[in-house]
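Reviewing the structure listed below.
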Amino acid sequence: MDELVSLCKRRGFIYQTNEIYGGLQGLYDYGPLGVELKNNLKNSWWSSMVYERDDVEGLDSSILTHPHVLKYSGHEETFTDPLVDCKDCKSRWRADHIKDNLCPSCGSDNLTEPRPFNLMFKTNVGPVDDGSNYAYLRPETAQQIFTNFKNIIDSTSRVLPFGIAQMGKAFRNEITPRNFIFRVREFEQMELEFFVEPGTDEVWHEKWVEKRIEWWENQGISKESIQIIDVPKKDLSHYSKKTIDIMYKFPHGVEELEGVANRTDFDIGSHTRHQKDFQIESKVIENEHSVTKLAIQNKKTNEWVIPFVIEPSAGVDRGVLAILNEAYKIEKFDDGKERTLLALKPHLSPIKAAIIPLKRNNDEIVAKALDIKRMLQNLKLGRVLLDNSGNIGKSYRRHDEIGTPMCITVDFQTLDDDTITVRDRDTMKQVRISCGEAPNYFQKNLL
Ligand code: GAP
C-alpha cells in the first residue's frame, strides 16, 4: 500500500486534504490524474447503467437532506457504529475493530462499554442557528432516489421493472477512517435502485450480482481478486432481506467493494403516505409526515403496488483504489533494469496519448506535435497531452507509470514523410504510421 500511496502523491493522483495545515483525517483530494481516472470510472458506470440499458433513468439530487427522510429511512435510529473510549490514552475506536479487548493505541484494557455512535453529519440550514433548522449530509445517495420516485414516474411514465441511477458524494463520520481512500468520511457512491414487482425480486437480485461482477472485470479487476460473500442474517442492514457483498483483495485485506442488496419494499413503503392502504411486507416506521403516495400502478390489474428494490451500491473511491492496486506492477528485465507500470484499461487511463516532440526547441517539430495533439483531442476520447520535456526516455517512463496507453513521437522524419512513431505502453513495441492513419489507430486502440 505504501508504494501505491507514494505514487499517487508523486504523480498527482491523490493528495491528503488540507495537508498544508496538517491535514484532515479521513479526507482526500484527487489531483490532475486522479480526477481523470475517477471521472473515467464514473463515466464507465453511467454508460453501463444508463446508456446501454433501456430500463434506467438518471438523477443528480441534493446532498443536504431533510431530517424526515433519514428518520423514516431508519438512519436516525440505526445508522450507528459501536464506539469505545480508552480511559487511559483517551483514544476512540470502533468496538468491532478492536482485538482482544485491548486499545490499539496504548494496549490498555481500560476501555468503556461500547455505545452507539451515529455516523451522520448534521448541519445548520439558514441564518438562525438555534438547533431546530438542521439537515443531514446524505449518508448514502439512495434516499434521494426514493424521495424522487413519484417525480420520475410522472415525468417518464415508467412501469416496473425500471431503475434510477445516481452517482455522487456521501458523508459518514467514521470513527476510525483508515487504509488510504478505503474508509473515508467523504466519498462517492455509484448507486442503482432497481424497482421490481414483489415476487420477482430474488431473480433480479441474482441477475444484478452477475452483472456487477462482470462490470468490475471489465474495469480490469481480475476474477482471482474478487470474493463473493452472502452477508449473514445477523449482519444485514435493517432494510435488507439478502445482501451479496462483492469483496476485493485490497492491499490491507479482503474487504467490501460493492454491496448488492435486496431492500424489499422497505424504502418506498417507509416514505409513502397512507401506508395502511398497501400491503407492505417489511417492518416500516409509521409515517406521519409524507404528503405523497409512493406506489406504482400495475397497468394490467390497475392495482397499486409498493415495489421491491434491488440495489447495487458501489464506492467510487474503493473502485479507484482497487483499480490502481490491480494495475500497479514493477517489471524486471534481463539486463537488471526495471520499470514501474500502471497497466490500466485504456478507457480508464487519465491520459489517452502523449505527443512527444523529439526536440523541444525545434519550432517545426513542436508545431507538428501540437497539430497532432489537437487532431486527436478533437476526437473527444479523453485527455491528449503535449509532453514537451525534451527527454524521450524519461517521458516513456513517466507515461508507463501513470498508465498512458500510447506515446506518439514526432521527429525529423515526420517533417519529411508525415509519419509518426507510436509506442505501446504494455509491449513497449513501436510502429511507424502515417499521420493520416493516427485517428483510426487511436480510436481502435482506445475503445
Ligand atoms: N445504499 C447502500 C449503502 O450505502 P453501504 O454498504 O453502506 O451501502 C455502499 O455502502 C458502498 O459505499 C460500499 O460498498 C463501499 O464501496 C462504499 N463506502 C461505504 N462507506 C464508505 C467509506 N466510509 N469510505 C469509502 N467508501 C465507502
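Out of all the residues in region 407-420, is one or more surrounded by fewer than 21 Cβ atoms within 10 Å (Cβ to Cβ) and under 24 Å from Phe13 (Cα atoms)?
no
Where in region 221-284 are the strands (runs of 3 or more DSSP E), entirely inside, with at least 1 residues that are away from the ligand (no atom under 12 Å from the Cβ), without any contact (Cβ under 8 Å) to a residue 12 or more places away in the chain and over 25 Å from Glu76 (Cβ atoms)?
253-264
Can you give me the ranges of the strands (runs of 3 or more DSSP E) entirely in region 1-62 with at least 2 residues that are within 16 Å of the ligand (Cβ to nearest atom) and either in contact (Cβ under 8 Å) with a residue 40 or more places away in the chain or within 16 Å of the chain's Cα centre (by Cα) (or both)? Steps first, answer last, please.
Details: elements: 14-16, 28-30, 56-59.
Here the list reads 28-30.
How many of the residues in region 365-394 are among the small types (Gly, Ala, Ser) and either within 13 Å of Ile351 (Cα to Cα) or part of a loop (DSSP other than H, G, I, E, B) (or both)?
Within region 365-394, residues that are among the small types (Gly, Ala, Ser) and either within 13 Å of Ile351 (Cα to Cα) or part of a loop (DSSP other than H, G, I, E, B) (or both) number 3.
Before we move on, is Asp371 loosely packed, with under 14 Cβ neighbours inside 10 Å and modelled with pLDDT of 95 or more?
On the way: loosely packed, with under 14 Cβ neighbours inside 10 Å: yes; modelled with pLDDT of 95 or more: yes.
Judged against the criteria, Asp371 is a match.
Counting only residues that are among the acidic types (Asp, Glu), crowded, with 16+ Cβ neighbours inside 10 Å and in contact with a Gly (Cβ under 7 Å, 6 or more places away or on another chain), how many does region 53-100 have?
So the answer is 0.
Determine the pairs where a residue that is within 9 Å of the ligand (Cβ to nearest atom), located within region 168-180, has a partner that is open to solvent by 40 Å² or more (accessible area, probe 1.4 Å) and among the polar types (S, T, N, Q) with Cβ atoms under 7 Å apart, the partner being 6 or more residues away or on another chain.
Pro177/Gln25
Select, from Ile310, Ile285, the only residue that is modelled with pLDDT under 95, of a type outside the set (Asp, Glu) and in contact with a Phe, Trp or Tyr (Cβ under 6 Å, 6 or more places away or on another chain).
Ile285
Suppose we filter region 329-364 for residues that are open to solvent by 50 Å² or more (accessible area, probe 1.4 Å) and either of a type in the set (A, V, I, L, M) or not in a helix (DSSP H, G or I) (or both); how many remain? First the steps, then the outcome.
Kept after step one, since they are open to solvent by 50 Å² or more (accessible area, probe 1.4 Å), are these residues of region 329-364: 329-338, 345, 347, 358-361, 363-364.
Narrowing the set further to residues that are either of a type in the set (A, V, I, L, M) or not in a helix (DSSP H, G or I) (or both) leaves 329-338, 345, 347, 358-361.
Qualifying residue count, region 329-364: 16.
Residue under question is Pro307, and the condition is that it be free of Cβ contacts under 8 Å to residues at least 40 places away in the same chain and either among the aromatic types (Phe, Trp, Tyr) or over 30 Å from Arg11 (Cα atoms) (or both); does it hold?
no
Can you spot a residue in region 181-196 that is more than 11 Å from the ligand (Cβ to nearest atom) and not aromatic (Phe, Trp, Tyr)?
Step one: list which residues in region 181-196 are more than 11 Å from the ligand (Cβ to nearest atom), which gives 194-196.
Now drop any that are not not aromatic (Phe, Trp, Tyr), which leaves 196.
Yes, there is a match, as at least one residue in region 181-196 is more than 11 Å from the ligand (Cβ to nearest atom) and not aromatic (Phe, Trp, Tyr).
Please count how many residues of region 293-337 are within 16 Å of the ligand (Cβ to nearest atom) and not acidic (Asp, Glu).
16
Looking only at residues that are over 21 Å from the mean Cα position of the chain (by Cα) and among the small types (Gly, Ala, Ser) in region 336-358, which one is modelled with the lowest pLDDT?
The extreme case among them is Gly336.
The values are calculated or read from the model by the stated rules, or taken from the named source; none is laboratory data. Note that the structure is predicted; figures quoted are calculated from it, not measured. Cβ coordinates were reconstructed from backbone atoms using ideal geometry, including for glycine residues, and neighbour counts include every protein chain displayed. Just so you know, the surface numbers come from the protein's heavy atoms only, side chains and all, with ligands and any DNA or RNA stripped out. Shrake-Rupley method; radii C 1.70, N 1.55, O 1.52, S 1.80 Å.
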